Structures are given as C-alpha cells and as structure tokens.
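See structure below.
The values are calculated or read from the model by the stated rules, or taken from the named source; none is laboratory data. Quick caveat: nothing in here was measured; it's all calculated off a predicted structure. Here the Cβ positions follow ideal geometry from the backbone for every residue, glycine too, while neighbour counts run over all protein chains shown.
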Amino acid sequence: MEDIATLTLAGALDGLKKKEFSSVELNQALVDSIDKKDGDLKAYLKMDPEYILKQAAESDQKRAAGDDSSLLGVPIAIKDLINVKGESCSCASRQLEKYNALYDATVAAKLRYAGAVFAGRTNMDEFAMGSSTENSAFQITRNPHNLECVPGGSSGGSAAAVAGGEAIAALGTDTGGSIRQPASFCGCVGMKPSYGRVSRYGVTAYASSLDQVGPMTKTVEDAAILLKELAGFDPHDGTTLDVKVPDYQAHLTGGMKGLKIGLPKEFYVDGSDPEVSQAVLKAVESCRAAGAEIVDVSLPHTEYAIAVYYILATAEASANLARFDGVRFGHRAESPKSVFDLYAQSRAEGFGTEVKRRIILGTYVLSSGYYDAYYGKAQKARTLIREDYTKAFEKCDVLMTPVSPTPAYKIGEASQDPLKMYLGDIFTVPANLAGICGISLPCGSTRGGLPVGLQILGPAFGEERILKTAYAFEQMQGA
Amino acid sequence: MSKYLITIGLETHVHLKTHTKMFCGCATEFGSEANTHVCPVCLGYPGALPVMNGEAIKQCVIAGLMLGCEINHYSTFDRKNYFYPDMCKDYQITQMEKPLCIGGGVTIDTPEGSRRVRIHHIHQEEDAGKIIHYARHSGVDFNRCGTPLMEIVSEPDLSSPDEAMAYLHNLRQILVYAGVSECNLEEGNMRSDVNISVRPEGQEELGIRAEIKNMNTFKGIYAALEYEIERQLYIVKKGGTITQETRRWDADLGETQSMRTKENAHDYRYFPEPDLVPVTLDKEMVEQWRAALPELPAARRERMVKEYGIPEYDAGVLADEKPNADFFEIAAKLCGEFKTLSNWFMTDVMCLLSESGKTITQCSLTPKSLAELVTLVKKGVINGPTAKELLPELFNDGLMPAKMVEERGLAQVSDSGALESFMNEVFEANEKSVADYLAGKKAAAGYLTGQVMKLSRGKADPKLVNKMIAEKFAGMGG
Ligand SMILES: [Zn+2]
C-alpha cells in the first residue's frame, strides 16, 4: 500500500471520505513520518503525537456521526506565529519560548470549524524575519532536497514539512516572500493571497501592512482547497475586505489558451542564477507553446522595492515588537535596576541578532529628522510600485517571473551577509508592497537537483486567475 | 519695570461616553475590580488587532460640530511609540496627520468682554491603563486602557489662570450639553496638560514654554498655573532664561517640578497605523448629525427666558449644569409654575445639593416630586413652611409630597370656624398683646398670628389668619 503520509490534501480528503483509512491512521502515518525524518529536517518546533491523535480520534467519531466538514480529520501544520488556543506560539523566539496562545487566530478558528487537525508547530525565522529559517532561536531546518541547504524562509519549516513528506499541507505567512521563496527552495506550492483576503487576526505581526497568511501545499489544487477555507472578511481585522470568496477549485479548468502572460523586463536581468532564469524562461516558453500570449511589460520602480520594503517593514516591526519588553510579554530579565533597565535587558537577552537589526533599522527610519527622508519617501515609492502593477495588469492577465534569483543555498552561506540575503527578496517583495496575490510552484530543477520555482502574480483579489494559470501549468508539467 | 504677558494653551483629554472601548468590545465602566474589563485587543496580545468603534467617532464629530470645528471627512490614525508599563503595546493609537476635527473655538467672558478662544484641532485616541504603586512593587489596572479619549487642543489664546478656568468651564459645559462625555472630574473623565510662557510686553515672539502634564481638577490647574507663572516671572525678571521642559504638578507641595527637559524629550516616532483603514465620513451623514445637534448652553439660556418667562439670571444659573436645566424643564411642564419653581430650585434645592455634595441626578428628588410640592403650595393644600419641611425627605428618601401630606394629615386648616375658635383662645390668653395693638403697637398682630399658627400646629393658612385677626381688631375699633 502507498504511504498515506505522502498524500495530497485532495487525496487525503478523498480517502477519508471513502473510508479507505481513518483520520487516526492518516495522522499516525504522519507522526511516524515525522519521527523518521524530522531528526534530519527539523521542520517542527513542536509536535505532540498524543494531542494530534486525540484530535484525529475525535474527527473519526464526528465522521461516523455524519459530519462532513470540508477538512475533517486532515492534519495541517501551522507556522509557529499563528495563535491556536492553548498551543505554544513561540515565533521561534526566546521572547515567547514559554508562551501559550490565549485565543484562536481567525485562520485557526476557520480550520477548527472546517474540522482540520492541528498537526504541529513549524519552524521559522524569528518573528518571520529572514529568508532561510536560520534565524530561528531554536533550530536550523534543512532542505529535504539537500540537507546541507537551507529550506528558505521565513516559512521554512512549513515548506520543508510539506515537501519532505512530514505534512499534508501547512500554513505559512508571507511579508516579503516568506511563503513563496521557501516553497520555491523546497519544491512545493506556496501562495500569498492579496492583502485583505485572509484575516491577520491572531497572527503575531511582523509588518502589519504587508503580512498575509497563505497555504503551503503539494499541488495547486490543494492550495485552492485550503485558501477557500482561510479567505474572507473578518470583523476582527479591519483591513480585510468584504469581497465574496469564490470557489477556487471550480476555476481549475482549461489550459493556457487565451491567457495573456506578462513578462516584466525588470525581473529578467543579469544577476540571477542562469539555471533559475533558464528554468523560468523554459516554463514561459511552454506556456506560449500551449497557446498563451506572452507580452512584455515594465514595472519601472522595481529597483526601489528592496529599499522600500526594508524601510516600511522594519518601521512597522519596531512598533509591533515593542510589547516584548518583559513587563507583560516576552522574556523578563533577572534583576533589573529600573524599569528602563528591565526593558533594555529583557530585549537584549530575548531577541536574536536579525530581529535586533531590524528593530534598530525601523526605529531609525522613524526618528524625528529622518522620517521624511526614509519612511515618508518609502511610502511614496510604494504608491509608485503599486501603480506599476495596476498598469501592468491592464496589459496582461498574470505576470510570470522567477521567485528568487537563486536556488536554495548552503546553510551558513548567506547568513553572514544580511544585505546579500535582503537582495534575494527582490522578486517577491513587490507583490507585498502592491498588495497583490502571487503563487510559487515548481518549474524544474538545477543540475544539482535543487528545485526552481515559478512565480505567477495576479491583481488584487485575482486569486482564481493565478490558481487557474498555475493549475494549467502544473498539468502540462505532469503530462 | 516692564510688564509681562502670559500665554496659556491647553490640551484637554476627555473620555467619551461610549459603552465599549475604542478598539475592542470591553466595557468602559468606571470603578470595577482591577483588570476585569480586558481582552486580547486592549491588552495588546500578540496577533490581536484593533477594530474601530464607530460610536466613538460619531461622538467626537458631534463634539467638533458643537465647538464649531471643521470635520475632516477623511481621517487617519497613527501610532505614537513610547515605552511605558501602562500601555501593553508600548504604542498608543492616536491621530497625528489627519485628526477628525479642525479649528473651532470656545467663547469666554472676560472683564474686557466676551472673546473666542480658538481650538487648533480635536483628535481621537485611546487611553492608557493606570499604574498603582504598592510598598514593594507596582501594579497596572488595564480597565481604562483603550477607553476612547478625545484630545482638544486649544491655540495659545489664554492670558491668565482665570481665562483658562473660564475656557475649561465653558468647554466642559458644551461637551456635557453635547452628550458626549460626563466630564466627571473625579473619575478622571477630563484631564488637561497646560502650556505656559511669559514674555515682556512688546515682544512679538512667544516666550519659551513649559508644559505641565495631566491634571484632573480645575482647582489644581488654577493653582499650577498661578505657581508656574510666578516661577517663570521670577526667573525672567532676574534676567534668567526659561528651560523648555515638561513639568509635573505636585498638589501636596503646591509646586511644579521638572520631569524632563527638551534634550530628553520623547521621540514618539509617529507613523500611520497599518492595522486601521482611514475613517471616511459620509458628508450627508455628518449633515444629519449637525441637524440633530443639541442646543448650546447660551441658546438654552435664551430659550428658557422666553419660554418660561424667568429672569435671565435664573436661566443662567439653571442652564449652567445641563442636568439642572433638564430637571427644571421637566418639572416646569408638570406644574406650570415657572418662577415659583425656579425659586424653589435656586434656593432650597441648590442648598440641599451643596450641603450633600450630590448632583441633581444623584439625589432622590425627581422633577415629579418637586412639581407636586410646588402645586400643593399653589393650591393652598399646604403652606410654604410645611413644604420646606417636607423637601429634605423628597431629596433624601424619594418620598412623594401629596402622599406625605395625606398620611401625616398636614393639609392646612382654612376652615374659618376652627380658626375662629383658635383666635378667640389666643385673644383671651394674650390680653396684653391685644391691648398693645389697640394702643397702636401694630407689631403685636404678628405675635398673635404666630400663636394661632402654633395652636394649629402649623397647619393654619397664615394669610387667612392675618386677615381674620385684622378684621377682629377692626370690629374692636383697633
Ligand atoms: Zn478589550
């Protein structure tokens, strides 16, 4: 019999529905797989077999009683910054090492409502700050395709778990590429929904105007299934939009014919790894061959995206992370001499290097005398970047680009040079700045056997469009 | 010796009268057990997000309309960053760039005539928690954290502590009339920061200012202003310079003390609050709110003079506190005796209020019970002195006068037969007074009336007694 731990979300749901196996059997298979593999991969920060199997047994009882909830009995791995009531939620930080969530994030409540099993807490860069998951305070996650390589980040644990057969599907968050880039590095599907499509309530904030929760799955169909459960207006999050959630799965039809695919010239410049460029251009070519129209577009302000992102994201982070001061939240220093000392010591001890770097950067760009030059200018540039995309989508339905200039790199290779690591986000951050949606899916691999991802970008609230395109491409690949 | 000019500006924080907090569903109730009105949002739990309280926005806009402000139909919120244990998030959600209300003003009376004190803007924000110090540690009560607060920032248009008082008094009156705040000073509903500077007459440019933070009584503000002006004048007259700084008022010592100088001033690093979308106000809706605005105190005074024919002075006293004017108007409609009612209110009722330290809404007197009392006197069922004796029980115990009169048999005696016999008894027992009267000492009649009242145990109608005594003397040739 096929190992049920390797099933897709759609396959697992189908098997459960047809009673080919129980939720307990499915979850036990996953637990066994994690036991076997996670010593190497280290994708999970926490995984409690007893807790998982208890949920599984309950969902089997529900199914026996006629419950037919959409995700009933399927384990979903959760990035460790999404609050699930009663579970730990460390954000891979010493600050919250002993923290247990007091309430359900809206996405957690939605999964609970849909009957999903909370499968474990996946590793990440501390407070989602990083692109390799090396900034976790607790462990280094490895790439399932090459254990010497990083899985990408910040949702590296979720990507490695899904790609490594340790999870059916997972949730990640994407502030500047944190779902799409690890999906690309690990060879799975990762989707960043449009800003306002999925509630951020209960998702520990990194950069509030950029963060989005999204699915990390084995197939495009799985992404469509999971996104439908996550999306929608939330009265607890004023930045969600009251736009009807389409049946994404129903859009997974047809081929490439009639589709207008834009190639932004700013994304195809020297500097990318040739193997990445070749794989992506080959993918574009196959779309053309399948009947899509390829048009050249320009996103002239792309060159400012990295600077704008690292100003706005860090500014917001400097405020969002202020609460981890040892008073109510976060690690508390042993014997401070004053309240100020309590703040200073607790934060110095509790935060890792990258988080401190970003808090300092964010504090600096907001300081009086510097605000206009940095934050103010970055906001204006953000508007220009957003307009670039609005104009581009007048000429085409979707954009196709690489996800990252490089495939997964060696552990330790980039972490010494933060600027180099920041530049690796060049193809992913513009989508967050523009508030549009994007998906990353595998489109080939390097000679060394590392996956290469293809990024498909769509206009805000155009998720069905990129899912449809990605699905068509995936079908062509498989064929 | 040159004269000095004083410049004062106020930033007044006022709690709005919403049932729930600014960004969550917690109650805004005052005086509950510590940390009982809290939730992940107002405690700043990781991942929690603020949600706008539309009622708070409406109340702030109504306050703005009452104060003659221009309303920003597109308004945004900002984060103000500072570390302090009374605010879990370590930033306050407030408005910096585009506040809800711009301009406006408060008219005050000064010895030189009435003058408009300009308002710079009004913005909406959330309050912080309350720090409580114990012997060996400190605690924070977060019940107040997240309570909707509006900050009314005046222009530096005030030139004396008296003007500052007049401004605050009128501002408070308007906000209470607007129905947007109780402005209860004891509960910290209305707190002010003051900015003060002095400069020699003839100098255009304002002097260097000091700010005194967070005072919640008018008395304290007045004393702090007086002290601070004195302090600054002393320095300037000696040829010294004022330090730009933030100071604190120590009510026990009766002095202001330095908290931090400009060099150590906070850099609040304001930036747009990304968790809240801008507030857009529909123009038509704001016009509807404007059309439904309650009366301003001055308009009410005028109307009360016209409608009830009471003197301007009376109307002024009554309208000073909105609940008093409300009480009067309800009672007036019940008894129709406007001037008499006004007299009762302004003398006996206000006397009881000041003795008890209660407000009209806190005591047990109702418009109905006072109206009934006035009617009983008017109809001659009881006399004035009896009514005055009953009032404290109406005030303290909420009793109804008609029922008391009936149960206690207090109706006044106007039966001339009964009075006749009381009178005869008195005349017999007081021959000397009768003789005095007949000898020309008319004052003796008063004594005799008093004796008749005494015999009737206060229930005789004194006017009738007077009349009967006069008639009797007339018959005796007096
Ligand atoms: Zn609350």
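Here are the numbers:
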quantity: Segment A:211-233, residues that are within 14 Å of chain B (Cβ to nearest Cβ) and surrounded by fewer than 24 Cβ atoms within 10 Å (Cβ to Cβ); calculated: A:PHE233
quantity: Hey, B:TYR447 over 24 Å from B:GLN412 (Cβ atoms), aromatic (Phe, Trp, Tyr) and in contact with a helix residue (DSSP H, G or I) (Cβ under 8 Å, 6 or more places away or on another chain) or not; calculated: no
quantity: Candidate set from segment B:71-92 (those that are under 30 Å from A:GLN345 (Cβ atoms) and more than 10 Å from chain A (Cβ to nearest Cβ)); member that is nearest to the ligand (Cβ to nearest atom); calculated: B:GLN92
quantity: Failed condition for A:GLY190, given (1) under 23 Å from A:ARG465 (Cα atoms); (2) within 13 Å of chain B (Cβ to nearest Cβ); calculated: (2)
quantity: The listed residue being on the phi > 0 side of the Ramachandran plot and surrounded by fewer than 16 Cβ atoms within 10 Å (Cβ to Cβ), out of A:LYS19, A:LYS36; calculated: A:LYS19
quantity: Residue list for segment B:29-38, restricted to those being of a type in the set (Asp, Glu) and either away from the ligand (no atom under 15 Å from the Cβ) or outside the structural domain of B:VAL194 (by TED's automatic domain parsing) (or both); calculated: B:GLU33
quantity: B:VAL41 among the aliphatic types (A, V, I, L, M) and within 15 Å of the ligand (Cβ to nearest atom); calculated: yes
quantity: Among residues of segment A:79-102, those that are surrounded by 19 or more Cβ atoms within 10 Å (Cβ to Cβ) and assigned to a loop (DSSP other than H, G, I, E, B), counted; calculated: 12
quantity: Qualifying residue in segment A:196-207 (condition: within 14 Å of chain B (Cβ to nearest Cβ), over 17 Å from A:LEU81 (Cβ atoms) and surrounded by fewer than 24 Cβ atoms within 10 Å (Cβ to Cβ)); calculated: yes
quantity: In segment A:83-104, the residues that are touching a helix residue (DSSP H, G or I) at 6+ places or on another chain (Cβ under 9 Å), within 11 Å of chain B (Cβ to nearest Cβ) and under 22 Å from A:MET129 (Cα atoms); calculated: A:ASN83, A:VAL84, A:CYS89, A:SER90, A:CYS91, A:SER93, A:GLN95, A:LEU96, A:ALA101
quantity: Residue list for segment B:39-79, filter: in a loop (DSSP other than H, G, I, E, B) and touching a Cys at 6+ places or on another chain (Cβ under 6 Å); calculated: B:CYS39, B:VAL41, B:CYS42, B:LEU43, B:GLY44, B:CYS69
quantity: Test: residue in segment A:376-388 that is buried (at least 16 other Cβ atoms within 10 Å of the Cβ), in contact with a Pro (Cβ under 7 Å, 6 or more places away or on another chain) and modelled with pLDDT of 95 or more; calculated: yes
quantity: Failed item in (1) in a helix (DSSP H, G or I); (2) surrounded by 18 or more Cβ atoms within 10 Å (Cβ to Cβ); (3) more than 14 Å from chain B (Cβ to nearest Cβ); (4) not hydrophobic (A, V, I, L, M, F, W, C), with A:SER404 passing the rest; calculated: (1)
quantity: B:MET87, sole failed condition from (1) surrounded by fewer than 18 Cβ atoms within 10 Å (Cβ to Cβ); (2) touching a residue at least 40 places away in the same chain (Cβ under 8 Å); (3) not polar (S, T, N, Q); calculated: (1)
quantity: Criterion (surrounded by fewer than 20 Cβ atoms within 10 Å (Cβ to Cβ), at pLDDT 95 or above and away from every other protein chain (no Cβ under 14 Å)) met by exactly one of B:HIS37, B:HIS13; calculated: B:HIS13
quantity: Matching entry among B:VAL41, B:VAL14 (being in contact (Cβ under 8 Å) with a residue 40 or more places away in the chain, of a type outside the set (Gly, Ala, Ser) and within 30 Å of A:ASP80 (Cα to Cα)); calculated: B:VAL41
quantity: From the options B:MET404, B:MET423, B:MET468, residue that is free of Cβ contacts under 8 Å to residues at least 24 places away in the same chain and among the hydrophobic types (A, V, I, L, M, F, W, C); calculated: B:MET404
quantity: Qualifying positions in segment B:1-28 - within 16 Å of the ligand (Cβ to nearest atom), over 26 Å from the mean Cα position of the chain (by Cα) and part of a strand (DSSP E or B); calculated: none
quantity: Of residues in segment B:40-70 being within 17 Å of B:THR147 (Cβ to Cβ) and β-branched (Val, Ile, Thr), the one nearest to the other protein chains (Cβ to nearest Cβ); calculated: B:VAL51
quantity: Any hit, segment B:149-160, residues being more than 14 Å from chain A (Cβ to nearest Cβ) and within 16 Å of the ligand (Cβ to nearest atom); calculated: yes
quantity: Flag if B:GLU163 is within 14 Å of B:GLN59 (Cβ to Cβ), surrounded by 18 or more Cβ atoms within 10 Å (Cβ to Cβ) and not hydrophobic (A, V, I, L, M, F, W, C); calculated: no
quantity: Top-ranked residue in segment A:311-340 [being of a type in the set (Gly, Ala, Ser), crowded, with 21+ Cβ neighbours inside 10 Å and assigned to a loop (DSSP other than H, G, I, E, B); ranked as farthest from the chain's Cα centre (by Cα)]; calculated: A:GLY326
quantity: Selection from segment B:345-361 of residues that are among the hydrophobic types (A, V, I, L, M, F, W, C) and not in a loop (DSSP other than H, G, I, E, B); calculated: B:PHE345, B:MET346, B:VAL349, B:MET350, B:CYS351, B:LEU352, B:LEU353
quantity: Selected residue [in a helix (DSSP H, G or I) and not polar (S, T, N, Q)] from A:ALA109, A:ALA167; calculated: A:ALA109
quantity: Residues satisfying the stated conditions in segment B:268-288, i.e. more than 14 Å from chain A (Cβ to nearest Cβ) and assigned to a loop (DSSP other than H, G, I, E, B); calculated: B:LEU281, B:ASP282
quantity: Search result, residues across segment A:360-375 that are assigned to a helix (DSSP H, G or I) and exposed (fewer than 15 other Cβ atoms within 10 Å of the Cβ); calculated: A:ILE360, A:ASP372, A:ALA373
quantity: Qualifying residue in segment B:133-140 (condition: within 21 Å of B:CYS24 (Cα to Cα), in contact (Cβ under 8 Å) with a residue 40 or more places away in the chain and either of a type in the set (A, V, I, L, M) or part of a loop (DSSP other than H, G, I, E, B) (or both)); calculated: yes
quantity: Residues being crowded, with 24+ Cβ neighbours inside 10 Å and not charged (D, E, K, R) - total across segment A:112-153; calculated: 23
quantity: Any hit, segment A:313-328, residues being closer than 30 Å to A:GLY262 by Cβ and either at pLDDT 95 or above or of a type in the set (Ser, Thr, Tyr) (or both); calculated: yes
